[in-house]
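Student: Before we start, here is the structure in question, set down as structure tokens.
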Amino acid sequence: MAEKTQKSKVLNIVIVSVQVVLILACVIFAIFMIFQSRKGENGELATGITLMPVLTDSMDGKHSDSFAAGDAILVEKITDEAKANLKVGDIITYVGKVGDNYGYISHRIVEIGSNLDNTATIYYTAGDKQYDADYDIEAIKEPVYENAIVGIYKGQIPKLGSIITFLQNKVAFFFILILPLVALLLYNIIMIIRMAVKNKDEKHKAELAESEAKHKAEMEELKAIIMAGGAKPTETPQPSEEELKKQAVAEYLAEQERKAKEEEIKKKAIEEYLASQANNKDNK
């Protein structure tokens, strides 16, 4: 019994732990969906803070705000005022060439310059990984024009990016979140039904116990009445419960027979009276 109880406790702990993990995963995914990156016609970010998973190690450097693949960064949509105040060391997010396509890149500003006729500011950026490794700055820096900048770095959440990227996969999302959540929902429904059935059984057992207790009390009361009107307990053996029942039934039947006889006597007296009245009437 103790071993069974221990196994039940362990199972409950495991189930609760799985539910907590799934709920946390759902919360993380929901946060990402709320703060996910959204593009406009020119690649601008949504108003406010955008949560971006980091896909490469280009910013894995020695700075306190460096970040690596698998992290998630918080990027705020940049305003014209913020662009005017950008300085070397700031991390910006801009639209740039990523492989054969265009996407968001988040790198650090390492130099600020302008074009040949001084009509536009150019922000030269580089990833911390190459920059901190003393690569040739001229070889690794990338020019970024103001109109390509869409956001500025505001913080990071380590390792969250890996979870977001993993959950973005539809198959993983189904098997890691949807399927277990459905299974847990069904399990909880079954447990609720079992608890309802158990409560109903316990209520029925309580009613039976109450009925038995009431019956026993009545039998004890009947026994006391019989013992009070009969022989003393010290003079004769104490009758069993079955004998008391038989005795009570016999007394009940005797009482019914006595009442029946009384009724018969009353009926006979009435008949005799009516007969005498009839005779008197005829004699007159």
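Student: Residues in the stretch 184-196: is at least one out of contact with any Cys (no Cβ under 9 Å at 6 or more places or on another chain), at pLDDT 85 or above and under 30 Å from H107 (Cα atoms)?
Tutor: no
Student: Continuing with this model, one more query. From the set of residues in the stretch 227-284 that are part of a loop (DSSP other than H, G, I, E, B) and charged (D, E, K, R), which is modelled with the lowest pLDDT?
Tutor: By that ranking, first place goes to K232.
Student: Cβ-Cβ distance below 7 Å, separation of 6 or more or different chains: which pairs start in the stretch 158-169 with a residue that is in contact (Cβ under 8 Å) with a residue 40 or more places away in the chain and end on one that is of a type in the set (D, E, K, R) and not in a helix (DSSP H, G or I)?
Tutor: That search, which allows pairs on different chains as well, returns P158/D71; K159/D71; L160/D71; G161/D71.
Student: Output the residues belonging to the stretch 118-159 that are out of contact with any Asp or Glu (no Cβ under 7 Å at 6 or more places or on another chain) and on the phi > 0 side of the Ramachandran plot.
Tutor: Those that are out of contact with any Asp or Glu (no Cβ under 7 Å at 6 or more places or on another chain) and on the phi > 0 side of the Ramachandran plot: N118, D134, G155.
Student: Pairs, please: C-beta under 8 Å, at least 6 apart or cross-chain, first residue surrounded by 10 or more Cβ atoms within 10 Å (Cβ to Cβ) and in the stretch 188-215, second among the basic types (K, R)?
Tutor: Listed pairs, sorted by first residue: none to list.
Student: Further question: If you scan the stretch 13-58, which residues turn out to be among the aromatic types (F, W, Y) and either at pLDDT below 65 or in contact with a strand residue (DSSP E or B) (Cβ under 9 Å, 6 or more places away or on another chain) (or both)?
Tutor: If the condition is that a residue be among the aromatic types (F, W, Y) and either at pLDDT below 65 or in contact with a strand residue (DSSP E or B) (Cβ under 9 Å, 6 or more places away or on another chain) (or both), then F32, F35 are the ones that fit.
Student: Based on what the data block shows, is G96 part of a strand (DSSP E or B), touching a residue at least 40 places away in the same chain (Cβ under 8 Å) and either closer than 23 Å to V54 by Cβ or touching a Cys at 6+ places or on another chain (Cβ under 7 Å) (or both)?
Tutor: yes
Student: Then there is this: Going through the stretch 108-124 one residue at a time, which ones are in contact with a Gly (Cβ under 7 Å, 6 or more places away or on another chain) and either over 19 Å from G96 (Cβ atoms) or among the hydrophobic types (A, V, I, L, M, F, W, C) (or both)?
Tutor: I109, I122
The values are calculated or read from the model by the stated rules, or taken from the named source; none is laboratory data. Owing to the predicted nature of the structure, the values given are computational and were not obtained by experimental measurement. Methodologically, a virtual Cβ is constructed for each residue, glycine included, from the backbone with ideal geometry; neighbour enumeration extends over all protein chains shown.
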